[in-house]
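The block underneath contains the structure these notes are about, expressed in structure tokens.
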2 protein chains.
Amino acid sequence: MTDKNTQIRLKNRPDSTPSAADFELFHDDMPVAGEGQILCRSLYLSLDPYMRGQISGRHISGAIHPGSVMRGETVSEVVTSNHPDYRPGDLVMHQGGWQSFSVAPAAELSPVDKRITPLSLALGILGMPGLTAYAGMTYLADLKEGDRLVVSAASGAVGSMVGQIARQMGCEVVGIAGADEKCRWLVEEAGFVACINYKTQDLAEGLKETCPNGIDVYFDNVGGDTLEAAMWQLALGARVVLCGLMAQYNTDVIPPGPNPATIIKARATVRGLVVYDFFDKKQEFLDKIIPWVEGGKIKYREDVTDGLENAPAAFVRLMTGKNFGKTIIKF
Amino acid sequence: MTDKNTQIRLKNRPDSTPSAADFELFHDDMPVAGEGQILCRSLYLSLDPYMRGQISGRHISGAIHPGSVMRGETVSEVVTSNHPDYRPGDLVMHQGGWQSFSVAPAAELSPVDKRITPLSLALGILGMPGLTAYAGMTYLADLKEGDRLVVSAASGAVGSMVGQIARQMGCEVVGIAGADEKCRWLVEEAGFVACINYKTQDLAEGLKETCPNGIDVYFDNVGGDTLEAAMWQLALGARVVLCGLMAQYNTDVIPPGPNPATIIKARATVRGLVVYDFFDKKQEFLDKIIPWVEGGKIKYREDVTDGLENAPAAFVRLMTGKNFGKTIIKF
């Protein structure tokens, strides 16, 4: 056991796409577990696009200021515990942050479901991104068998689960992604009926071709031009779930959205999804999805980087769409 | 009985706010009722903002081309009938258009409900605008007692009914209108708790003051900057009904809408409303609302112009917000 806590802190608030130089490596003193607290050693850290919003100070979970340790969810191992619910060696999840050790009260920890293997899935398709997709498909999208569903950022942790859960529920799924390799995986492995590479194809044309009767359900992870293109192709009675804003995380200027005529014309129902509202559905989600994963009905990709010191570069890759699958840091 | 049919036809397709010179008065031959048809004499004609969309060729009901008679709903009297369901003297509603006589098959007519008085209300608060408001409040807004509801174009036929129906259902209603006189009427007569004059007040500030806990329900008749301002003030769990696009009817350029973050942040549900989907609710609507009107629970304003020849000028007043209440042409 080291006697220093390795951390990544925010150095500068970037005003566009972040670079690795916007972060700084620190060796802080080891944290100490106080009364009722638990000292945890990080095993895996999740990197997610919403962190860019925290850096900008406009995410609903709050702001990260320069000088502060970056936040993030970890799978960790209990080192010492001052609470009867946890013992050394227990595997837990919590907001450990971009650091090798962290301290938290028992109320902020949750045990890792023992059925989850490999462990890193607890941060991806069986973690918050998976729950996001599950909540959207189960509670907001009002899915009907035969619906043609389109999802953006389709090869990401949320997007790939949205598509595959929808497919299990009887939908035909079209993805939007930014690389031929991602599109290929979605069609050949994940069972999407089609995938549009928005970087090489005309998105509006691609949506018309792949959804000749319009889009019944659209799940959006990006906003911007992608959302605009999809909204003009909605079928009558379409449902839209707005979840992510990748296209605007890297800019300080808040861009406009699609014209309201897109919603009126389609008599669409558009809903905003924030996964925090569905934390109480976590058990239900795991009980439903774990058997699908075990049964090979759900495919996944992970983009694992070794070493916390490489987290800034991995985050930059995530924010520029160069990752493929769930971005994870392995300690 | 005259032997000519007076008509207003579209002369030019305006590319911004229309002027009276964009229309032309014609004296056409009298139409003749064929087999199964009815000849009607127009008594009242409804002028509505959606007509501007028809002139632009981008309304969901279709386009009006230069040289064609303007379309519109009328209250008419049957002159001659070749169908057993209708007799001379019967009062009927149909798409009579901007003309003094019209011919239609029985299937396109409906009798005027005998409880409606004055007759012109069949085109306003007890007609399509009233049904629009009723459908939005009953089927799309998911109203809860105590909700703070905001409605734009609040003194118009749709807006004033939205607010008053919501009030009867236990909501506190804030209007947005473009004249102090309109705001005064809404608060003093129609029971709104407040009204913001967007032409003289800062709308965002006004919404913050009148809805300190955010907007629970927003009913939009205008789009543009008004929609943008309202969307940033939504309360958690807000419901938004998008109905009209007054702000963009007079422009050929389709402007953008609000950023999708407004919907995500509030976990809002946004729905598009087109009254055509609710024509089967007309009887239910009248049975519910007529007693409220008779009992004085619903106030209304009509903006009645005498003479079809003055319809173009009245339409221009409507499209520039200079009307006050439901715009009606009396023949």
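Using a Cα-Cα cut-off of under 14 Å, which aspartates and glutamates could be cross-linked to A:Lys322, ignoring same-chain neighbours fewer than 8 residues away?
The qualifying aspartates and glutamates are A:Asp48, A:Asp180, A:Glu181, A:Glu302, A:Asp303.
Applying the Karplus parametrisation 6.51 cos²θ - 1.76 cosθ + 1.60 with θ = phi - 60° to the phi angles of the stretch A:203-210, what ³J(HN,Hα) value in whole Hz is obtained for each residue in order, glycine and proline being reported as x?
5, 4, 4, x, 5, 4, 6, 7
Treating the beta-carbon of each Lys and Arg as +1 and of each Asp and Glu as -1, no other charges, what is the dipole magnitude of the stretch B:128-276 about its Cα centre, to the nearest 20 debye? Show your work: numbers first, answer last.
Working: 11 positive and 16 negative charges, 76 e Å.
Value, rounded to 20: 360 debye.
Quick one: of A:Lys288/B:Lys265; B:Lys199/B:Lys265; B:Lys114/B:Lys288; B:Lys208/B:Lys297; B:Lys114/B:Lys282, which pairs are farther than 21 Å apart, Cα to Cα?
Working: A:Lys288/B:Lys265 28 Å; B:Lys199/B:Lys265 28 Å; B:Lys114/B:Lys288 15 Å; B:Lys208/B:Lys297 28 Å; B:Lys114/B:Lys282 14 Å.
Among A:Lys288/B:Lys265; B:Lys199/B:Lys265; B:Lys114/B:Lys288; B:Lys208/B:Lys297; B:Lys114/B:Lys282, the Cα-Cα distance tops 21 Å for A:Lys288/B:Lys265; B:Lys199/B:Lys265; B:Lys208/B:Lys297.
Might you list the cysteines of chain A that have no disulfide-compatible partner by the rule of another cysteine's Cβ under 4.7 Å?
Those would be A:Cys40, A:Cys171, A:Cys211, A:Cys243, since no other cysteine Cβ in chain A comes under 4.7 Å of theirs.
Under 1.5 on a/c is rounded, so check that first for the stretch B:206-326, then, if it is not, pick prolate when a/b is larger than b/c and oblate when it is not; a ≥ b ≥ c are the square roots of the alpha carbon gyration tensor eigenvalues. Before the final figure, lay out the partial values.
Values: a/c = 1.90, a/b = 1.31, b/c = 1.45.
It comes out oblate by the Cα gyration axes.
Would you kindly work out the equivalent ellipsoid of chain A from its C-alpha gyration tensor and give its semi-axes, the square roots of five times the eigenvalues, largest first in whole Å?
35, 22, 17
Say we join alpha carbon atoms closer than 10 Å with springs in a Gaussian network model of chain B; which of B:Arg167, B:Arg13, B:Arg41 then has the biggest fluctuation?
Checking each option, the largest mean-square fluctuation is seen for B:Arg13.
Where in chain B lies the longest segment free of GluC sites (Glu not before Pro) that are both loop residues by DSSP (not H, G, I, E, B) and have at most 11 other Cβ atoms within 10 Å?
Details: sites that count: B:Glu35, B:Glu145.
Excluding the exposed sites themselves, the longest stretch runs over B:146-331.
Just want the ordering: B:Trp232, A:Trp292, A:Trp98, from fewest to most Cβ atoms lying within 10 Å of their own Cβ. Write down the numbers at each step before the final one.
Numbers: B:Trp232 18, A:Trp292 14, A:Trp98 28.
Arranged by neighbour count, lowest to highest, B:Trp232, A:Trp292, A:Trp98 become A:Trp292, B:Trp232, A:Trp98.
With unit charges on the beta carbon (Lys/Arg positive, Asp/Glu negative), name the residue among A:Ser56, A:Pro84, A:His27 whose Cα is farthest towards the positive pole of the charge dipole of the stretch A:1-124.
Most positive-ward Cα: A:Ser56.
Which distance in Å, rounded to a whole number, links the C-alpha centroids of the stretch A:82-110 and the stretch A:1-37?
17 Å
Every other copy gets compared here: list the nm distances from the A:His27 label point (7 Å along Cα to Cβ) to its counterparts, shortest first, one decimal.
10.1
If you take every DSSP beta bridge fully contained in the protein assembly as shown, what fraction is antiparallel? Give it as a percent rounded to 5. Let's see the in-between values first.
Working: 64 of 116 bridges.
Around 55 percent of the beta bridges assigned by DSSP in the protein assembly as shown are antiparallel ones.
Out of residues 5 or more away from A:Asp90 or on other chains, whose amide H comes under 5 Å of its own, with H placed 1.01 Å from N in the peptide plane?
A:Val78
In the stretch B:128-276, with Lys and Arg counted as +1 and Asp and Glu as -1 at Cβ, which of these residues, B:Val270, B:Val162, B:Gly191, has the Cα nearest the positive end of the dipole, that is, farthest along it?
B:Val270
Can you tell me the FRET efficiency between A:Asp252 and B:Lys199 if r is taken as the Cβ-Cβ distance and R0 is 45 Å, rounded to the nearest 0.05? Please list the in-between numbers first.
Details: r = 31 Å, r/R0 = 0.69.
The computed FRET efficiency comes out at 0.90.
At q = 0.11, 0.17, 0.19 Å⁻¹, what is the log10 ratio I(q)/I(0) for the stretch A:128-276, with the Debye formula run over Cα points and no solvent?
The Cα Debye sum returns log10 ratios of -0.35, -0.88, -1.13.
Roughly how many debye, to the nearest 20, is the charge dipole of the protein assembly as shown about its Cα centre, given +1 on each Lys and Arg Cβ, -1 on each Asp and Glu Cβ, and no other charges? Write out the running numbers ahead of the final one.
Working: 64 positive and 78 negative charges, 21 e Å.
Taking the Cα centre of the protein assembly as shown as origin, the dipole is about 100 debye.
Could you give, in nm with one decimal, how far A:Thr320 is from each other copy of that position, shortest first, with labels 7 Å out from Cα toward Cβ?
For A:Thr320, the other copies' label points sit at 5.5 nm, shortest first.
Based on Cβ point charges of +1 for Lys and Arg and -1 for Asp and Glu, what charge dipole magnitude is obtained for chain B about its Cα centre, in debye rounded to the nearest 20? Before the final figure, lay out the partial values.
Working: 32 positive and 39 negative charges, 75 e Å.
Here chain B has a charge dipole of around 360 debye.
How much of the pair distance distribution for the protein assembly as shown lies past 37 Å, counting alpha-carbon pairs only, in percent? Display every interim value, and only then the final one.
Working: 102130 of 218791 pairs.
Cα-Cα pairs in the protein assembly as shown separated by more than 37 Å: 47 percent.
Report ³J(HN,Hα) in whole Hz for each residue of the stretch A:32-43, in order, from the Karplus equation J = 6.51 cos²θ - 1.76 cosθ + 1.60 where θ = phi - 60°; Gly and Pro get x.
Computed from phi, the couplings for the stretch A:32-43 are 10, 6, x, 4, x, 9, 10, 8, 10, 9, 6, 9 Hz.
One decimal, nm, shortest first: give the distances between the label point of A:Ser68 and those of the same position in the other copies, each label point 7 Å from Cα along Cα→Cβ.
Its label point is 5.8 nm from the equivalent points in the other copies.
Counting only residues 5 or more places away or on other chains, whose amide H sits under 5 Å from the amide H of B:Asp303 once H atoms are built in the peptide plane?
Under 5 Å from the amide H of B:Asp303: B:Lys326, B:Thr327, B:Ile328.
Compute the separation of the alpha-carbon centres of the stretch A:240-271 and the stretch B:129-167 and state it in Å as a whole number.
24 Å
A:Leu126's amide H: which non-local residues (gap 5+, or another chain) put their own amide H closer than 5 Å, with H modeled 1.01 Å from N in plane and none for Pro or chain starts?
For A:Leu126, whose amide H was placed from the backbone, there are no distant partners under 5 Å.
Would you look at the GNM of chain A, springs on alpha carbons closer than 10 Å, and say which of A:Met246, A:Met128, A:Met30 moves the most?
Of the options given, A:Met30 has the highest mean-square fluctuation.
In terms of Cα to Cα distance under 23 Å, which lysines are near enough to B:Lys4, apart from those fewer than 8 places away along the same chain?
Excluding near neighbours in sequence, the set is B:Lys330.
Using the Karplus curve 6.51 cos²θ - 1.76 cosθ + 1.60 with θ = phi - 60°, work out ³J(HN,Hα) for each residue of the stretch A:318-331 in order, rounded to whole Hz, and write x for Gly and Pro.
Rounded to whole hertz, the list is 4, 6, 10, x, 8, 6, 9, x, 5, 7, 10, 9, 9, 7.
What value, in deg cm²/dmol to 500, does the helix sum -39500 (n - 2.57) over DSSP H runs of n ≥ 4 give at 222 nm once divided by the residues of the protein assembly as shown?
Numbers: 20 runs with 168 residues, N = 662.
The helix contribution divided over the protein assembly as shown gives -7000 deg cm²/dmol.
Every number here is computed from the coordinates shown, using simple stated rules; none is lab data. None of these values were measured; they are calculated from a predicted model. Counting neighbours? That spans all protein chains shown, and the Cβs are built from the backbone with ideal geometry, glycine included.
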